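One structure is given below, encoded as structure tokens.
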Amino acid sequence: MDKGRAVVVGALAGLALGGCFGVPLSRSKVEETLQTTAIEVGVADRAEVRRVVGQPLLSSEYWRFDVFRISDWNRGVLFFGYFPIPMWEKNEGFVVVTYGDDGRVLQVASGHRAKGFWVVSSADPEASVELSDLQLWTADGHTYAAASWGRRDAYLNSVPLGDRCRLVVGCEQSDCPAAVVIDAEPQDHGSAASSGTGTTVRLANSELLGLRAVVVASVLPGSYRAAVVLDDRKESFAATAHFDCAAGDTRHVLMSVDYDFEPVAVVFAQRRYRATIEVSAAMPRVLSMQPLLLWGDEAWRVEAEPGR
């Protein structure tokens with residue numbers, strides 16, 4: 001029996017049974033493309049890589065990497081009983097290339113994010129790629145990239161702050177459903193902070209893959225208040241810290257979020273969150289081995305090319 005007849009027979013059988021099932025009409029070629037993409041390690045340079053793969057989604061000479069995204073579609077029909085519904089599902093593949101000091105390819109890795117064929121209850125799949133100095137992952141349909149803690153420290157130590165104060169923000173838990181909001185304290189006399197200058201630093205949803213990453217931001221010198229809030233910002237925790245930050249200083253902001261269940265009915269309970277926040281000049285041990293978030297929420301979270 002050929003493929004076309006098999007699809008027809010399967011569809012008729014499903015209709016006779018009155019079930020819910022999908023019939024694929026064409027499959028994505030993303031996985032095949034990833035397997036056949038040839039990049040020669042130690043020989044190819046950035047220009048050669050782009051001739052093979054195309055234009056990158058992310059690229060940085062300072063961080064020495066390119067990220068390429070390849071997209072395609074699965075097409076088919078989903079039958080609900082006797083009713084056919086056309087369906088499309090997007091498949092994505094990622095090729096990550098890192099480069100050495102000589103500009104030649106150092107490492108190549110790829111990851112594939114493919115959905116099943118129209119299973120209504122299936123969760124959205126994710127992909128992750130890990131090289132020695134770079135991690136790439138997807139979560140909630142977004143793409144994130146982070147540099148290893150070694151590259152993080154090299155960046156923090158080499159990039160001058162000028163007249164700014166640097167904030168390094170992280171969470172103790174990997175499943176941290178909160179953000180740190182940092183606002184300038186009002187002053188009686190004129191200062192950099194009295195203008196209300198502040199920043200909101202949010203951690204990416206890296207907890208979905210058990211990966212923790214620190215986020216870096218900079219503010220004007222002044223006095224600040226750091227508070228922990230839920231991601232949806234509907235509820236604030238009674239967790240705050242006050243600190244001063246001068247030009248050229250670095251402050252490490254560590255939050256910790258835990259919870260227990262509070263009964264609200266005989267058979268129901270809701271989560272009750274507890275949070276703490278600490279600000280220090282020295283990096284806390286729990287943050288010392290966490291990577292640095294480079295890209296998240298469709299934007300660079302650090303300078304793509306520092307000093308340029």
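The values are calculated or read from the model by the stated rules, or taken from the named source; none is laboratory data. Just so it is clear, the model here is predicted, and its values are computed rather than measured. Because the Cβ atoms are built from the backbone with ideal geometry, glycine has one as well, and the counts that use them run over all protein chains shown.
Specify the residue that is nearest to Val214 (Cα to Cα); the eligible residues are those in the stretch 279-308 that are of a type in the set (D, E, K, R) and under 24 Å from the mean Cα position of the chain (by Cα).
Arg301
Does at least one position in the stretch 209-221 carry a residue that is part of a loop (DSSP other than H, G, I, E, B), surrounded by fewer than 19 Cβ atoms within 10 Å (Cβ to Cβ), modelled with pLDDT of 85 or more and small (Gly, Ala, Ser)?
no
Have a look at Val169, Val180 and point out the one that is at pLDDT 85 or above and β-branched (Val, Ile, Thr).
Val169
Here is a list: Pro86, Pro56. Which entry is over 27 Å from the mean Cα position of the chain (by Cα) and without any contact (Cβ under 8 Å) to a residue 40 or more places away in the chain?
Pro86
Kindly establish whether Ala299 is out of contact with any Asp or Glu (no Cβ under 6 Å at 6 or more places or on another chain), under 18 Å from Val219 (Cα atoms) and exposed (fewer than 13 other Cβ atoms within 10 Å of the Cβ).
Judged against the criteria, Ala299 is not a match.
Quick check: is even one residue across the stretch 157-173 surrounded by 20 or more Cβ atoms within 10 Å (Cβ to Cβ), outside the structural domain of Leu292 (by TED's automatic domain parsing) and outside any loop (DSSP other than H, G, I, E, B)?
Checked against the condition, which is being surrounded by 20 or more Cβ atoms within 10 Å (Cβ to Cβ), outside the structural domain of Leu292 (by TED's automatic domain parsing) and outside any loop (DSSP other than H, G, I, E, B), the stretch 157-173 yields no hits at all.
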